[in-house]
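The values are calculated or read from the model by the stated rules, or taken from the named source; none is laboratory data. Fair warning: this is a prediction, and the values are worked out from it, not measured in the lab. When we count neighbours, we look across all protein chains shown, and the Cβ atoms used for this are built from the backbone with ideal geometry, even at glycine. Note: areas computed on protein heavy atoms with side chains; ligands, DNA, RNA excluded. Shrake-Rupley method; radii C 1.70, N 1.55, O 1.52, S 1.80 Å.
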Amino acid sequence: MTVPYLTDDRWAELLRMRAKDPAAVERAYAKRVRRASVLSDRETLFLVAADHPARGALGVGSDRTAMADRRALLERLLIALANPAVDGVLGSPDVVEELLLLDALDDKVVIGSMNRGGLAGAEWEIDDRFTGYDADALVRCRLDGGKMLLRLVDSDPGTVPTLHACAQAVSELAAHGLMAMVEPLPYHRDDSGALVMSKDAPSLARAITVASGLGVTSAYTWLKIPAPEDSSVLDATTLPVVVLGGAPSEDAAADLAAWGDALHHDVVRGLVVGRTLLYPPDGDVAAAVDAAARVLKASR
């Protein structure tokens with residue numbers, strides 16, 4: 001039987017600190033050993049993403065609450081972070097702080113998630129308010145950057161305040177020399193009113209150009225986008241790009257192949273993947289992470 005990364009004793013100590021020593025969080029931020037560079041020695045970046053629960057997006061496949069079990073989520077994150085090819089994590093404050101209390105983030109890149117207010121399935125989902133980290137907190141907590149989700153829906157006025165808030169966040173992060181990781185996703189509403197991502201090349205290219213122009217400078221802006229079917233979409237920017245994993249499919253090999261195609265483009269620097277690696281169809285997190293790491297390495 002495989003020994004768990006999050007043992008009963010380790011879990012009990014985490015719960016003890018949560019209840020009896022809240023100041024341990026601030027101490028953990030302060031003592032974290034930061035990596036000298038966001039990019040690895042191969043000039044790539046491989047992060048696992050775990051900011052989905054803070055937006056109420058808990059589902060994986062047919063399991064609508066897969067990510068609701070926090071101990072299971074943390075166990076999977078610890079397995080992923082144990083792989084030396086994984087550079088770090090993208091997470092909301094609660095997840096980042098739990099990993100800090102578990103001593104899992106030394107020498108790792110940590111990107112804090114900023115806007116989580118557009119709850120999955122809510123009527124106001126596109127008006128994605130900033131309810132997580134802000135730029136000042138990211139500086140104070142000694143993190144390496146901030147990520148923001150920007151869903152562009154031309155028919156939904158909720159896009160406008162989100163667009164404005166993201167521009168402000170890009171400017172504030174740049175003033176502190178921190179990465180602003182913007183995830184621009186074009187969406188439209190179908191006949192039932194449900195949000196559907198627009199995956200065609202013109203829509204993706206347009207989203208990239210809009211996100212690239214946010215804020216008073218693009219010097220510290222990175223883009224996080226889905227792997228496009230047409231790699232010419234990536235010709236729309238000179239900014240560093242990381243490929244997101246998105247919702248996992250039942251065909252892990254097809255997911256890997258799609259990432260691999262995109263990773264060969266000059267502007268693409270790496271992967272930021274969450275559910276696809278943390279909740280693979282066969283349950284083997286270590287193998288899923290290792291397979292993604294091999295695809296990234298082969299692309300360089």
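Working note: 222 nm ellipticity from helices only, DSSP H runs with n ≥ 4, each -39,500 (n - 2.57), summed and divided by the residues of the chain, gives -11000 deg cm²/dmol to the nearest 500. Cα centroid separation, region 86-157 to region 192-262: 18 Å. In region 1-78, a dipole from Cβ-located charges (positive for Lys and Arg, negative for Asp and Glu) runs towards its positive end, and of Leu15, Ala49, Ser62 it is Leu15 whose Cα lies farthest in that direction. When you count the other C-beta atoms within 10 angstrom of each residue and take the mean per peptide, 33-39, 92-98 line up highest first as 92-98, 33-39.
Taken over region 171-277, the alpha-carbon convex hull comes to 119 cubic angstrom per residue.
Here the dipole of the chain is about 860 debye; that uses its Cα centre as origin and unit charges on the Cβ of Lys and Arg (positive) and Asp and Glu (negative). Mean projection of the Cα convex hull over all viewing directions, computed for the chain: 15.2 nm².
Quick one: compute the contact order of the chain, relative version, from alpha carbon pairs under 8 angstrom and 6+ residues apart, as a percent.
Dividing the mean separation by the residue count of the chain yields 16 percent.
Taking the DSSP beta bridges with both ends in region 156-300, the antiparallel portion is around 20 percent. On a straight-distance basis, which lysines could pair with Lys31 in a cross-link, Cα separation under 24 angstrom, same-chain partners fewer than 8 positions away excluded? Cα-Cα hits under 24 Å: Lys20, Lys108, Lys147. When region 160-300 is described by a simple charge dipole with +1 on each Lys and Arg Cβ and -1 on each Asp and Glu Cβ, the residue from Pro226, Ala174, Leu239 located farthest towards its positive end is Ala174.
For the chain, the per residue solvent-accessible surface stands at 45 Å², with DNA, RNA and ligands left out and a 1.4 Å probe.
Could you tell me which GluC sites (Glu not before Pro) in region 5-68 are loop residues by DSSP with no more than 15 other beta carbons within 10 angstrom of their beta carbon?
Glu43
May I ask what percent, to the nearest 5, of DSSP beta bridges between residues of the chain are antiparallel? Here the antiparallel bridges make up roughly 15 percent for the chain.
Compare the Cα positions of Leu185, Ala293, Gly132 along the charge dipole of the chain (+1 at Cβ of Lys, Arg; -1 at Cβ of Asp, Glu; about the Cα centre) and return the one farthest towards the positive end. The one lying farthest along the dipole's positive direction is Gly132. Its residue count N fixes a reference of 2.2 N^0.38 Å for region 84-242, and the Cα radius of gyration divided by that reference is 1.05. Within region 60-144, the trypsin sites (Lys or Arg not before Pro) that combine a DSSP coil assignment with at most 13 other C-beta atoms in a 10 angstrom radius are Arg64, Arg142.
Within the accessible area of region 148-223, the carbon and sulfur atoms contribute 57%, probe 1.4 Å, all protein chains present. Dipole size of region 54-161 about its Cα centre, with +1 on Lys/Arg Cβ and -1 on Asp/Glu Cβ: approximately 100 debye, rounded to the nearest 20. Taking the inverse of the mean reciprocal distance over all distinct Cα pairs, the Kirkwood hydrodynamic radius of region 1-140 comes to 16.2 Å. What is the helix-to-structure angle for 159-175, meaning the angle in degrees between its Cα long axis and the longest Cα principal axis of the chain, kept from 0 to 90 and rounded to the nearest 10? Taking the Cα atoms of the chain, the angle to 159-175 is about 60 degrees.
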